[in-house]
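In what follows, a structure is listed as structure tokens, so that the remarks can point back to it.
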Ligand code: ISE
């Protein structure tokens, strides 16, 4: 296969950045068709990008003209389109989270196992960020001893106009840390709780922001992550790993420092699209390459399921203001 022909379901903001990235920057793949749950909108975007539009996403998924699918719809639609792609025997990349509930993720797992083929990849792009990759190499080298504690921050300038809720801080933001820190440390979590500091006056009516999630891993590593969605200063992702013989820090994007007005100023990104472009590029290039070799080498449906179970426990801990034990089902041999 020379060019992987990709069908995009979900032509909103992030879906459109995937079209541009794949068609203008990456190699070996092309988004050749798109569709949206809002048919008219999907067809308009198809026309705008000069590609084939389908009124019905399911028709695109099963079309012989399409080799692989990207699902970038709103979360509640992920399950249907991922499952249909798997049933059609096609590789499918699904934006995070895999699905909004552990039960829905489990149904996707069941469909993939039934198909007997590894087809699903979840869009946890931080695993591809060169900074996190450096942290993983340093940790895995063993040179600094065992990790003991992690202090992390996930600050957004604001919610980007998408309409926020107290629940979304875990479900949409902190789920990135849930996945990437599990990948970094190579172990699962056993316990979580979420505390609320004083709420910012910039958080919308009834929304609690910031929130601090605590996680403990199987080996006892303690993690604290502060989500501050309405930080009103920038998009700032930080991760500090305290090891037995050293402290490892996530590199920050390199911006020129400016001396001005009696100050030294180094900019901070405004949002995720500015902060993680390399991660997205690497993630999609590797996905295209892997699809062409008929394998999945990124975060699997199992990773998506584990993340959602963990997020579910953090949600319960937040709502009841208690500590919740995280119990995971046994991983099927298929994913080992
Ligand atoms: C958004 O959905 C993302 O995935 C971003 O990476 C994250 O920083 C943001 O908080 C989420 O709302």
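FYI, it's all coordinate maths here, none of it is from the lab. If you're wondering where the values come from, they're calculated on a predicted model, not measured in any experiment. For neighbour counting, all protein chains shown are included, and Cβ atoms are generated from backbone atoms with ideal geometry for every residue, glycine included.
See the values below:
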read-out: Answer residue from region 153-168, given it is within 17 Å of the chain's Cα centre (by Cα) and more than 8 Å from the ligand (Cβ to nearest atom) and is surrounded by the fewest Cβ atoms within 10 Å (Cβ to Cβ) among those; value: 167
read-out: Condition check for residue 150: touching a helix residue (DSSP H, G or I) at 6+ places or on another chain (Cβ under 7 Å), away from the ligand (no atom under 16 Å from the Cβ) and part of a helix (DSSP H, G or I); value: no
read-out: Leading residue by the ranking (farthest from the ligand (Cβ to nearest atom)) among those in region 235-248 that are within 20 Å of residue 215 (Cα to Cα) and surrounded by 14 or more Cβ atoms within 10 Å (Cβ to Cβ); value: 243
read-out: Filtered residues of region 249-261 (kept if part of a loop (DSSP other than H, G, I, E, B), away from the ligand (no atom under 16 Å from the Cβ) and surrounded by 11 or more Cβ atoms within 10 Å (Cβ to Cβ)); value: 251, 255
read-out: Residue among 194, 180 that alone is free of Cβ contacts under 8 Å to residues at least 60 places away in the same chain, within 23 Å of residue 96 (Cα to Cα) and either within 16 Å of the ligand (Cβ to nearest atom) or touching a helix residue (DSSP H, G or I) at 6+ places or on another chain (Cβ under 7 Å) (or both); value: 180
read-out: Entirely in region 262-336, the helices (runs of 4 or more DSSP H) that have 3 or more residues that are surrounded by 13 or more Cβ atoms within 10 Å (Cβ to Cβ) and more than 20 Å from the chain's Cα centre (by Cα); value: 301-320
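Condition check ((1) without any contact (Cβ under 8 Å) to a residue 12 or more places away in the chain; (2) more than 15 Å from the ligand (Cβ to nearest atom); (3) more than 15 Å from the chain's Cα centre (by Cα)) across all residues:
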| position | (1), (2), (3) |
| --- | --- |
| 75 | no, no, no |
| 80 | yes, yes, yes |
| 87 | no, yes, yes |
| 98 | no, no, no |
| 111 | no, yes, yes |
| 146 | no, yes, yes |
